[in-house]
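Where a number appears in this text, it was derived from the coordinates with a stated rule and is not lab data. None of the values given here were measured: they were computed from a predicted structure. Don't worry about glycine lacking a Cβ; one is built from the backbone with ideal geometry, like all the others, and counts go over all protein chains shown.
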Amino acid sequence: MSDDDTTADVEPTEGVEIDTSTDSTEDSAKPDTSDDKDTGEVRRRVTAIPVIPLVLLLALLASGGLAGWLFFTQYRPDQQTDDAVAQTVVNAARDGTVALLSYKPESLDQDFAAAKSHLSGDFLNYYNDFTKQVVTPAAKTKGVTTTAQVVGAAASELHPDSATVLVFVNQVTTSKERPDPSMASSTVKVSLTKINGQWLITKFDPV
């Protein structure tokens, strides 16, 4: 064989790749810290991101709670209108309504005095005139007797010094001309005002 033939045999043929596995092995032997770095960075970001919004959220909640506390304790117009006050107002409307609509010929003065103790303002003046001009003559000459019973009552408006109560009334009336009892049902809007610590009726409007 000639030298030319020998040389041709050792030349790499076309399409054969050179083995570089040694370099790859060295590269693979090196620890890959890129994932660890990325994971650490993500963790730091996740930990850091909520800090500012969380502080703002807490601040907003605190300010909202403070505003609510101030409203309910300092600025709310009906801050003195709890359930106990509502019940007191309803009781005053009930008692006043019964006193206003109940009387007997034999006890007119006492009945009118009891009713007046529940009234105030212009309505008290009106009641004085009405009982003198209308109720007293009818009760004495015709023997009119009325008895009122409140079957239901509820506060519809409630403020520290004023209130409105809806009162449902059954009223039984008898007279010399009609001795058999006749009953009438009605609904009355009773307006009250707090005067010297007492709830008094200032308006009495049938609905």
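Relative intensity of the range 76-173 on a log10 scale, I(q)/I(0) at q = 0.15, 0.16, 0.23 Å⁻¹, equals -0.66, -0.73, -1.18, per a Debye sum over C-alpha point scatterers of equal strength in the absence of solvent.
Once you've got the Cα coordinates, tell me which of K140/K189; K104/K176; K132/K194; K116/K194 are over 24 Å apart.
Numbers: K140/K189 29 Å; K104/K176 12 Å; K132/K194 27 Å; K116/K194 15 Å.
Exceeds cut-off: K140/K189; K132/K194.
Ranked by the mean number of other Cβ atoms within 10 Å of their residues, highest first, the peptides 173-185, 85-97 come out as 85-97, 173-185.
Computed on the Cα atoms alone, the convex hull of the range 124-207 gives a volume of 103 cubic angstrom per residue.
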